[in-house]
1. Relative to 2.2 N^0.38 Å, what does the C-alpha radius of gyration of the stretch 1-130 come to as a ratio? Two decimals please.
2. When only alpha-carbon atoms count, how far does the stretch 10-252 stretch along each of its three principal axes, as whole angstroms with the largest first?
3. Counting other Cβ atoms within 10 Å, which trypsin sites (Lys or Arg not before Pro) in the stretch 157-241 have at most 12 and lie in a DSSP loop?
4. What are the ³J(HN,Hα) values, in whole Hz, obtained from phi via the Karplus relation 6.51 cos²θ - 1.76 cosθ + 1.60 with θ = phi - 60°, for each residue of the stretch 310-318 in sequence order, with x given for Gly and Pro?
5. Convex hull over the alpha-carbon atoms of the stretch 259-395: what's its volume per residue in Å³?
6. Please go through the stretch 1-102 and write out the chymotrypsin sites (Phe, Trp or Tyr not before Pro) that DSSP classes as loop and that have at most 10 other C-beta atoms within 10 Å.
7. What residue among Leu362, Leu99, Leu242 has the largest mean-square fluctuation in a Gaussian network model of the chain, using Cα springs under 10 Å?
8. Placing one identical point scatterer on every Cα of the stretch 196-282 and ignoring solvent, what is log10 I(q)/I(0) from the Debye formula at q = 0.17 Å⁻¹?
Amino acid sequence: MIKTVYSKGKLVAKTGNEVMAEAMRQIEPDVVAAYPITPATEIVQIFSQFVADGTVKSEYVAVESEHSAMSATIAASAAGARAMTGTSSQGLSLMWEMLYIASGLRLPIVMAEVNRAISAPINIHGDQSDTMGARDAGWIQIYSENSQEAYDNMIQATRIAEKAKLPTLVTTDGFIISHCMEVVETYPDVDVKAFIGEYKPDRYLLDTKKPYTLGSIDLQDYYFEHRYQLAQAMRDARNIILDVAKDFEKTFGRKYELYEKYMLDDAEIAIVVIGSTAGTAKVVVKELREKGIKAGLLKIRIYRPFPAEQIAKDLAHVKAIAVMDRADSCSGAFAPVYSDITASLYAAGVTNPKIVNYVYGLGGREINTEHIAKVYETLSRIVSGAEKPSNMVEYINVRKK
């Protein structure tokens, strides 16, 4: 559970895009390079206004494409700058090549990413197919349930990226969070700047006293070792993320973990979900608990690096689990998050839970409390033996004919 205190901050009504831009203003990166794309445009648009008004000393680079945005951000970071960008959907896809270069070069770039469906057909609304497509690109992925978490995650991401030496993206669900207004607690500029600290890279290309080669060819002799080091850095990032979260709680009073457990400890049936749908699911869990049904929820916050061992331990006692994916895997047997959850349980030797996979909300399709309540009803029937768990992906609120 997220602990909320209002001892230092200021309560404001802002959208998810506005608070992500506000966090960027307070972080005041040296360079922001970006290209507009719905529904993430507002983030960099608002930040560009901060630059134009002289509110920040950042250099804003308006480029000709998202590929160029990531290329410029990589160049700035390699030169020793604290660099950030933002994008969504097709924009993230156009960055594909450069995403791998950013992580392979161990550059601590931070990206504000607004989840949006991938075309075709063309769709500008929210699902998580864009970042799920980039889940193995070597970027830390932090997901937000609401605007408050988006703001807090952006602040933490800066320290996480620079400590882990890994690029990090922070997401919100398109339009659901990005354009909807909520009451958010923002913190004083001085406290945010003190929390993230001054950026002092260990090495950078413009340091003429310590020259080094970056981006050289890397064939059979060393490529494998360097990829292993990247994978190990991702594994090591889990402790860095938790350490930053502890400092964040001490400073601002909000507690964050790799994932959130909501009434999960004694749950017999549970849903695993990512993003804004967790808030809707919590309403259903609370209603079911009032009826004496032991329902629970696990909300993933850190999807990469995936906290496999910890999640397997916390789900081991649950009798039936539904993993809800807001992205499909057209070439795989199941959707992305389900595959990670089941692999984690199998590796840990956990065989007790019966697990089903649901795909929902593609292209921004509505998911409401009634839909989620039906998922819990199915789980209850599976536990009682009245229904066998499906061995196929099930689709919520879709016309199949």
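Computed from the coordinates by the stated procedures, all read-outs in this text should not be read as laboratory data. This structure is a prediction, so every number in the text was calculated from the model and none was measured. Here the Cβ positions follow ideal geometry from the backbone for every residue, glycine too, while neighbour counts run over all protein chains shown.
1. For the stretch 1-130, the normalised Cα radius of gyration is 1.09.
2. 54, 45, 35
3. Within the stretch 157-241, the qualifying trypsin sites (Lys or Arg not before Pro) (loop, at most 12 other Cβ atoms within 10 Å) are Arg203, Lys209.
4. 3J(HN,Hα) across the stretch 310-318, in whole Hz: 5, 5, 4, 5, 7, 9, 4, 7, 6.
5. Values: hull volume 14.1 nm³, N = 137.
So the per-residue hull volume is 103 Å³.
6. Tyr6
7. Leu242
8. -1.01
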